[in-house]
Amino acid sequence: MANNFAYDTEALWQLDRDHIIHPWIDLGTARTREPVIVSAAEGVHIFDSRGQRMIDGIGGMWCVNIGYGREEMAKAIADQVRRMPYFSPFGLISTPESIEFGRRLTDYTPGDLKHVFFATGGSTAVDSALRFVQFYNNFVGRPEKKHIITREYAYHGSTFLSASVSGKPGDRGFLDFISDTIHHLPAPNCYRRPEGMSEAEFCDLKVADLENKILELGPEKVACFIAEPLMASGGVVVPPQGYQRRTWELCRKYDVLYISDEVVTGFGRLGEIFASEPVFGIVPDIITSAKGLTSGYVPLGAFFVSDRLYERLIGPEGKGKYFTNGFTYSAHPVACAAGLKNLEIIEREQILDHVRRTGPYFQARLKSLLDLPIVGDVRGSHMMACIECVADKRSKQAMPAEWDVAYRIIRHAMPRGLMVRPLSHQVILSPPLIITKAQIDEIVDILSVSINAVADELAREGLWLNAA
Ligand SMILES: Cc1ncc(COP(=O)(O)O)c(C=O)c1O
């Protein structure tokens, strides 16, 4: 690994403060907090600019699925840059790499989802999918079908449209959103279900939420329902058993298109390239993908659409009706070359099998953290998980955001060799999929010490009273 850590970290911090606007930054603290400068990575580890080695519990950002430092990826990317780095994807121009990658992906898409539109990341994939739904309904003569149903705590991206179908309350403070045609249902969060209600009853309730909303708006006015199979950035919300299948059946019943946002759950995180059919028993009309699609080595996103929809748009009827949506970097050949190599590595190293074997171990080990006094819930599946800290286990009262619990946990975890993702009072985990059982043990040990240290800190500061 070429890195001698000859960085002047303080100088970099200052330049960062002076010039860089970070995504999702609290501007109130932007000038006072020190950014973490990640300067090297290898396998499941990242290194900061001072040489601190940490297990990457975040997988970059749910994306570095095959791990870091893959020479083959570097070569595939470099070879493509030398051969042909870029040409316009618009109209009828294509590249061998985008054609081959698109075709290879359809080996894994469920049902008749055999057409792919390449975008540049998850947000543009979701945005494009929603615009495709608009296009489709306008084209087939039902322009009144405009309403989109989504859920609170969903995260679908950061364009105007994808942000509008997202629903994390904390993200809604100071930006504007489309509101007249977008409707948010309560999240299907089993941990926060009403006291005494069984999971099956909760499922009935959440399915009824969707049906009631469709009927309230009128099925003839509802274009689509968009849902992450497990809600990732909303705190790894795992819906009750059967929820995905039953909501999908409702959509079919009312002729509402179903978009499964697999930007996180795809590419192995749940042990499948696309989880919709093998894990949840659904064949959506559209699947969106990004992140693990290239393991984050180069940005790329995509949506897959069923032949059933696509075939209605082509042929003489479609003449002159342009799908006027696309990006300079749609189907970027370097990204598609990276995607092909990424898929080859996942297949050759049987990474899906590894996740199916190791994922349950990861979840079981994490569950041991439930014994800690401030951990209220540990949830997830395979290689995605959330640890939720509560002020009171019995009432499940969340720790207030101003206690900065997740940041505190990270401050303890980093020097011990672990990076995780903070989300208010929740810690999110989505490590590279190649993680071993020994490394999982290390993650859990570091988390356990760090969470206990934070509990002590909160008690010392008089913020939290151990009521156990
Ligand atoms: C489910 C889901 N959809 C879409 C997105 C947006 O992807 P991107 O950040 O690549 O635009 C994300 C990002 O975290 C996501 O989790």
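Please indicate, with yes or no, whether at least one residue in region 227-241 is charged (D, E, K, R) and either more than 23 Å from Arg192 (Cβ to Cβ) or within 16 Å of the ligand (Cβ to nearest atom) (or both). Break it down into steps so the answer makes sense when it comes.
Filtering region 227-241 for residues charged (D, E, K, R) gives 228.
Now narrow it down to the ones that are either more than 23 Å from Arg192 (Cβ to Cβ) or within 16 Å of the ligand (Cβ to nearest atom) (or both): 228.
Checking region 227-241: at least one residue is charged (D, E, K, R) and either more than 23 Å from Arg192 (Cβ to Cβ) or within 16 Å of the ligand (Cβ to nearest atom) (or both).
Can you name every residue in region 244-260 that is open to solvent by 10 Å² or more (accessible area, probe 1.4 Å) and within 16 Å of the ligand (Cβ to nearest atom)? Quick ask: steps written out before the conclusion?
Keep residues of region 244-260 that are open to solvent by 10 Å² or more (accessible area, probe 1.4 Å), which gives 244-246, 248-250, 252-255.
Correct list: Gln244 only.
Within region 147-158, restricting attention to residues that are open to solvent by 10 Å² or more (accessible area, probe 1.4 Å) and farther than 8 Å from Ile226 by Cβ, which residue is farthest from the ligand (Cβ to nearest atom)?
Looking only at region 147-158, we keep the residues that are open to solvent by 10 Å² or more (accessible area, probe 1.4 Å), and these are 147-148, 152-153, 155, 158.
Then drop every residue that is not farther than 8 Å from Ile226 by Cβ, which leaves 147, 152-153, 155, 158.
Working: His147: 20, Glu152: 14, Tyr153: 11, Tyr155: 5, Ser158: 6 Å.
Filtering first and then ranking leaves His147.
Before we move on, is Asp127 within 16 Å of the ligand (Cβ to nearest atom), modelled with pLDDT of 95 or more and open to solvent by 20 Å² or more (accessible area, probe 1.4 Å)?
On the way: within 16 Å of the ligand (Cβ to nearest atom): yes; modelled with pLDDT of 95 or more: yes; open to solvent by 20 Å² or more (accessible area, probe 1.4 Å): yes.
Spelling it out, Asp127 is indeed within 16 Å of the ligand (Cβ to nearest atom), modelled with pLDDT of 95 or more and open to solvent by 20 Å² or more (accessible area, probe 1.4 Å).
Could you tell me whether Arg312 is in a helix (DSSP H, G or I), away from the ligand (no atom under 16 Å from the Cβ) and either of a type in the set (Asp, Glu) or open to solvent by 20 Å² or more (accessible area, probe 1.4 Å) (or both)?
On the way: in a helix (DSSP H, G or I): no; away from the ligand (no atom under 16 Å from the Cβ): yes; either of a type in the set (Asp, Glu) or open to solvent by 20 Å² or more (accessible area, probe 1.4 Å) (or both): yes.
Spelling it out, it is not the case that Arg312 is in a helix (DSSP H, G or I), away from the ligand (no atom under 16 Å from the Cβ) and either of a type in the set (Asp, Glu) or open to solvent by 20 Å² or more (accessible area, probe 1.4 Å) (or both).
Confirm whether Leu161 is within 15 Å of the ligand (Cβ to nearest atom) and hydrophobic (A, V, I, L, M, F, W, C). Before the answer, list the steps.
Working: within 15 Å of the ligand (Cβ to nearest atom): yes; hydrophobic (A, V, I, L, M, F, W, C): yes.
Yes: the conditions hold for Leu161.
Out of Leu352, Leu343, Leu369, I need the residue that is outside any loop (DSSP other than H, G, I, E, B) and in contact with a strand residue (DSSP E or B) (Cβ under 6 Å, 6 or more places away or on another chain). Which one?
On the way: Leu352 fails: in contact with a strand residue (DSSP E or B) (Cβ under 6 Å, 6 or more places away or on another chain); Leu343 fails: in contact with a strand residue (DSSP E or B) (Cβ under 6 Å, 6 or more places away or on another chain).
So the residue among Leu352, Leu343, Leu369 that is outside any loop (DSSP other than H, G, I, E, B) and in contact with a strand residue (DSSP E or B) (Cβ under 6 Å, 6 or more places away or on another chain) is Leu369.
Go through region 97-124 and count every residue that is of a type in the set (S, T, N, Q), assigned to a helix (DSSP H, G or I) and either touching a Ser or Thr at 6+ places or on another chain (Cβ under 6 Å) or within 16 Å of the ligand (Cβ to nearest atom) (or both).
Residues meeting the conditions: 2.
I need a count of the residues in region 267-309 that are among the hydroxyl-bearing types (Ser, Thr, Tyr) and within 12 Å of the ligand (Cβ to nearest atom).
Here is the first cut: in region 267-309, the ones among the hydroxyl-bearing types (Ser, Thr, Tyr) are 276, 288-289, 294-295, 297, 306.
From what's left, within 12 Å of the ligand (Cβ to nearest atom): 288-289, 294.
Adding up the residues that qualify gives 3.
Can you name the number of the only condition in (1) surrounded by 15 or more Cβ atoms within 10 Å (Cβ to Cβ); (2) within 16 Å of the ligand (Cβ to nearest atom) that Gly170 fails?
(1)
The values are calculated or read from the model by the stated rules, or taken from the named source; none is laboratory data. Because the structure is a prediction, the values reported are computed rather than measured. In this analysis, Cβ positions are derived from the backbone assuming ideal geometry, glycine residues included, and neighbour counts consider all displayed protein chains. In case anyone asks, the SASA skips ligands and DNA or RNA and just uses the protein heavy atoms, side chains included. Shrake-Rupley method; radii C 1.70, N 1.55, O 1.52, S 1.80 Å.
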